[in-house]
Amino acid sequence: IINYEFSYKKGFTTINRHLFNMLSSFYSYIKFYERFYNNKYKSIFSEQFDKYETYKIVSELRKYTTHCYFAVTKSTLDTITGKISIQIVPEELLKNDSGSLRKDMKEILNKKITNNQTIDLRILIGDFLDIFMELQVKIMDKMQEDIFKDIDKLEKYIYGKNMKKKESYIIRENGDILNTSNIFYLFFYKLENEYTLSDEIISLLKKMYDL
């Protein structure tokens, strides 16, 4: 294995650009949930951050690549297999840090320096994708739980004592009458036909609306 220098070549720039785009996209993903869901899923993000070292590294690299420097500064070539390993060097991150890295991230980097380790970009991204899928499943599970709670709240406007479906109306200031029962029906019909819902939710909706 030998050092494979590509610092000022197109490949170096492209790799760092793609990494920056991935890190920025993940940051936007988090901010989307924080802004539009009022931090409802903040505990899930915090749990993943505390649980996985890879999650911490990716989060910190986003800040580093935004405010400091390129993350990828080294690559090696296996002369037998021809495989190129793209690496992030802990010493370089600490040297170029302008104060954006957290204390726990610095501890992770110093530990890698002590063990003479670098961060293999291919392994880092592969591990992170697994963590991201787990994160997304947890968010979807929480969303489904919230949907059930919202349906429970709506039931009192739909069910009557001796009927399956109770008509509900809103009378506007101009006298127009809006049938909200029809709105609920159309909304759930769209959910069933355009999105993948669990069998349990579909069964409940069909029961409520005689679908």
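The values are calculated or read from the model by the stated rules, or taken from the named source; none is laboratory data. Since we're looking at a predicted model, the values are computed, not measured. A quick note on method: Cβ atoms are made from the backbone with ideal geometry, for glycine too, and the neighbour counts reach across all protein chains shown. Heavy atoms of the whole protein, side chains included, go into the accessibility calculation; ligands, DNA and RNA do not. Shrake-Rupley method; radii C 1.70, N 1.55, O 1.52, S 1.80 Å.
What to note about this one:
- Cross-link pairs 74/95; 63/83; 31/63; 10/31; 103/142; 63/95 - those with Cα-Cα distance over 21 Å: 63/83; 10/31; 103/142
- Split the accessible area of the range 14-89 by element, probe 1.4 Å, and carbon with sulfur accounts for 54%.
- Heavy-atom SASA rank of 43, 59 (probe 1.4 Å, accessible area, largest first): 43, 59
- The range 1-117 has equivalent-ellipsoid semi-axes of 29, 17, 13 Å, by the square roots of 5 times the alpha carbon gyration tensor eigenvalues, sorted largest first.
- With the highest mean first, a sort of the peptides 128-134, 91-97, 31-37 on other beta-carbon atoms found within 10 angstrom per residue produces 91-97, 128-134, 31-37.
- In terms of accessible area, using a 1.4 Å probe and ignoring ligands and nucleic acids, 140, 22, 105 rank largest first as 140, 22, 105.
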